[in-house]
């Protein structure tokens, strides 16, 4: 009888251990998944913040370009440069591209630089030696 009681007690303890361990394992798995989801969410937040910063910077640049494009001086410069417009009495001079100018320009003759004769050579010439 005592053996039977000990066996039943061991089974009860084993069952109790399993009832404690199994929920603990499930809790750990659930906690691990939750931590991973939070980590992924934090990574996404960082990526979105970086994208937002880039878009804000780009927006600032575009706003500056828009302000510049609305400026009368800029509009006049664009009309002059791209469309060749001029004010009354002005003459528009259009130069060819740099490559064409280089081809048309005369070539520079390079002179060799010579050093003056040293003094001893000059004295040799004076005395015809």
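The values are calculated or read from the model by the stated rules, or taken from the named source; none is laboratory data. Note that the coordinates shown come from a computational prediction; the quantities given were computed from them, not determined experimentally. Counting neighbours? That spans all protein chains shown, and the Cβs are built from the backbone with ideal geometry, glycine included.
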Tally of residues being at pLDDT 80 or above and either surrounded by fewer than 10 Cβ atoms within 10 Å (Cβ to Cβ) or farther than 19 Å from residue 73 by Cα (or both) across the stretch 83-94: 6
Check residue 109 against each of (1) at pLDDT below 80; (2) outside any loop (DSSP other than H, G, I, E, B) and name the one condition it does not meet. (2)
What pairs come out if I take residues in the stretch 91-103 that are on the phi > 0 side of the Ramachandran plot and without any contact (Cβ under 8 Å) to a residue 24 or more places away in the chain and pair them with residues that are surrounded by 10 or more Cβ atoms within 10 Å (Cβ to Cβ) and assigned to a loop (DSSP other than H, G, I, E, B) whose C-beta lies under 9 Å away, six or more apart or interchain? none
